[in-house]
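Structure record follows, encoded as structure tokens.
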Amino acid sequence: MNKKTTEPNQKLLEYQTLRLKDLIVEIQKCCEYKELYESKLFHLPAAELKCVMLFNGERYLTIKGIAHRLDVAKSRVTKIVQGLMEKGLVDRIDDPRDSRIKLIRLTGDGMRKFREISDFKISIHRKILMQMNPEERRQTLSYLEVLRSAMEAVKESMV
């Protein structure tokens, strides 16, 4: 008797597992499309756009810090920063505490570009939310919090 009651739950869990995988893949594809769209809209390669967005709440970043946060080699960051410097969006200054370290900061144009990109991202997320009624928005945000927490727990177990 006990075996029969667990079988439907196993099948349901199997279906739900595959559906979660498929939904996450579809969401990732939407996010990748949005990244491509943003790259074209703001005339920045995706890596440069991501680098600019790292300055959220940061006045200065180092090459090493950018490399760590983008999960790329320092040599790749050097090229990204060089591209941003050529566009006038960042500049490089000596660290007053250690002249061997170069600090990267947004220029005035870089700060304007950062705000423009941030405003665009907010407007896209607002448009997504406006596709739902207020109760669906509340539930979606609540369930996304549950999903994020579950994903964090699984991530921690993998370390």
Considering (1) outside any strand (DSSP E or B); (2) in contact with a Gly (Cβ under 9 Å, 6 or more places away or on another chain), say which one residue 85 fails and leave the rest.
(2)
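If you take the residues of the range 93-117 that are modelled with pLDDT under 95 and not in a loop (DSSP other than H, G, I, E, B), which of them is nearest to the chain's Cα centre (by Cα)?
By that ranking, first place goes to 102.
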Tell me whether the range 135-154 contains one or more residues that are in a loop (DSSP other than H, G, I, E, B), farther than 25 Å from residue 32 by Cα and not assigned by TED's automatic domain parsing to the domain that holds residue 37.
no
Does any residue of the range 48-65 turn out to be outside the structural domain of residue 84 (by TED's automatic domain parsing) and touching a helix residue (DSSP H, G or I) at 6+ places or on another chain (Cβ under 8 Å)?
no
Hey, could you check the range 115-159 for residues that are under 25 Å from residue 54 (Cβ atoms) and among the β-branched types (Val, Ile, Thr) and say which is surrounded by the most Cβ atoms within 10 Å (Cβ to Cβ)?
117
The condition from (1) closer than 28 Å to residue 43 by Cα; (2) free of Cβ contacts under 8 Å to residues at least 12 places away in the same chain that residue 92 misses is numbered (2)
State whether one or more residues within the range 40-59 are farther than 24 Å from residue 124 by Cα and of a type outside the set (A, V, I, L, M, F, W, C).
yes
Tell me, which residue of the range 29-43 that is touching a residue at least 60 places away in the same chain (Cβ under 8 Å) and more than 12 Å from the chain's Cα centre (by Cα) is farthest from residue 71 (Cα to Cα)?
41
Which condition number does residue 105 fail, the rest of (1) under 19 Å from residue 35 (Cα atoms); (2) surrounded by 14 or more Cβ atoms within 10 Å (Cβ to Cβ) being met?
(1)
Within the range 72-92, restricting to residues that are over 20 Å from residue 111 (Cβ atoms) and more than 19 Å from the chain's Cα centre (by Cα), the one that is surrounded by the fewest Cβ atoms within 10 Å (Cβ to Cβ) is 75
When you check residue 17 against the structure, is it of a type in the set (Ser, Thr, Tyr), more than 20 Å from the chain's Cα centre (by Cα) and assigned by TED's automatic domain parsing to the domain that holds residue 128, yes or no?
no
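The values are calculated or read from the model by the stated rules, or taken from the named source; none is laboratory data. What you are looking at is a predicted structure, and each value in this text was computed from that prediction instead of being measured. Note that each Cβ is placed from the backbone with ideal geometry, even for glycine, and that neighbours are counted across all protein chains shown.
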